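Following: one structure in structure tokens, then a few remarks.
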Amino acid sequence: MISDADDLERRMDGFTKAPQALPWRERRALAHDVGRALRAGRSPAEVHNVLAFLAWDDQWMVRKAVADLLTVVPEDSYDIFLKELLADSHGSVRNAAENARKDRDRAFRQERQAAREARHVGELVNQLREHGEDVAQQAVAVGHRLYKLLSKAMIHDLRNLLWPLQANVERLQLQPKASTAAVARIDQIARQLAKFVEAAEAYAGDIPLEREPQKLKDVLQEASQLASEGVARAGLDPKSVHVMVDVPAGLRVEMARQTLVAAFANLIKNSYEAYRDHAGQLRPGRIVIETQQTKGQVIILVTDSGKGISDEDLKYLLEFVPGRRDKTKPLSTGFGLPIANRFIEAHDGSLAIISQLGKGTKVRIKLPTTQWRL
């Protein structure tokens, strides 16, 4: 069975060999499908060449389709296509390119503003630490409480919007004349919104107080399985990446089990996604989960040799502020790492990340231990 990604690659390859062999409506449809792939976090190998042909197409509606997706084209192609389409002979193409430029600039400004605000929050917490760690932690707790009050109201309103949206998608799927592409796009938006609501609820929700000793190896294996299932739901093949859990069978940690399973699953899923290639698929790789024991605590290491994280992005991530989506991930919500950190801190633990761009990432989790059995 040919996947959508393979079918798109085949169509793109055929198009670059004979660009004018396709009718203009099919060329426009190809531009739309390339845009959907880019929005889903995939970057097909021939994307620059295909868009180059389409941006210079004889039909203005094909060129406009390219202008509409300027918000998501790769950075190394953006300036070239923007310059050409802003100077297009047709007004609709020029307007679409100008609107895309404004949207892209607005998104960039919003990301920079969010990064500045996150750094400011970190600076304020550090200033409060001058008055004692307890004062700083109390301030952080107040911030979490305010967030919970605001987000619960937001989540309620989002659910009220989500339910009728999902119901109408189901009705559309039963209509014989409904556009398959339109229904699929609406369904994708509904699933993304549902995932966002679930993540916001998890971040804002109460953490169970009950703690019981659990075998850490079992917990990590369950988390690994959940991460694998999450990767598969995103349309990726988890079998491309081998996960090794090298943890002593007798090591126990007091925990609210499902809370830490969720935290570890988020971290392991990130390691899977570090192996995404330019086409959006997983290349072969390896994730190693191992432990080190010191007096009264265990250190859990999750290591991959994937794409790594830049110093600038890592600094922002370590603020653990929710909401910054990774656009290269199809179902990113921006809550995964903040949720993991919050759940680990609730167990008197800590989360640290060491990464080098192009080399890989090591996640270090420290948790107190209750007993050690051989």
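The values are calculated or read from the model by the stated rules, or taken from the named source; none is laboratory data. Nothing here was measured: the structure is a model prediction, and the numbers come from that model. So basically every Cβ, Gly included, is an ideal-geometry build from the backbone, and we count neighbours across all protein chains shown.
Looking only at segment 42-84, how many residues end up being farther than 21 Å from Asp277 by Cβ and of a type in the set (Gly, Ala, Ser)? Residues that pass the stated criteria total 4.
When residues of segment 205-236 are filtered for being basic (Lys, Arg), part of a helix (DSSP H, G or I) and free of Cβ contacts under 8 Å to residues at least 60 places away in the same chain, how many remain? Lay out the reasoning, then the answer.
Of segment 205-236, the ones basic (Lys, Arg) are 211, 215, 217, 233.
Checking which are part of a helix (DSSP H, G or I) leaves us with 217, 233.
Now restrict to residues that are free of Cβ contacts under 8 Å to residues at least 60 places away in the same chain: 217.
Of the residues in segment 205-236, 1 are basic (Lys, Arg), part of a helix (DSSP H, G or I) and free of Cβ contacts under 8 Å to residues at least 60 places away in the same chain.
The set of residues from segment 226-254 being surrounded by fewer than 12 Cβ atoms within 10 Å (Cβ to Cβ) and under 24 Å from Asp348 (Cα atoms) comprises Asp246, Ala249. The criterion of at least 1 residues that are basic (Lys, Arg), outside the structural domain of Arg283 (by TED's automatic domain parsing) and under 28 Å from Asp237 (Cα atoms) is met, among helices (runs of 4 or more DSSP H) falling completely within segment 1-94, by 4-17, 24-39. Residue count for segment 358-374, restricted to those that are at pLDDT 90 or above, exposed (fewer than 14 other Cβ atoms within 10 Å of the Cβ) and on the phi < 0 side of the Ramachandran plot: 2. Across segment 5-47, the number of residues qualifying as acidic (Asp, Glu) and modelled with pLDDT of 80 or more comes to 4. Residues in segment 226-255 that are more than 19 Å from Thr303 (Cα to Cα), among the aliphatic types (A, V, I, L, M) and touching a strand residue (DSSP E or B) at 6+ places or on another chain (Cβ under 8 Å): Leu236, Ala249, Leu251, Val253, Met255. For segment 256-287, which positions are touching a strand residue (DSSP E or B) at 6+ places or on another chain (Cβ under 7 Å) and closer than 20 Å to Glu201 by Cα? Listed by number, the residues that qualify are Arg257, Leu267. The condition of being touching a Gly at 6+ places or on another chain (Cβ under 7 Å) and either modelled with pLDDT of 90 or more or buried (at least 21 other Cβ atoms within 10 Å of the Cβ) (or both) holds for only one of Gly306, Gly349, that being Gly306.
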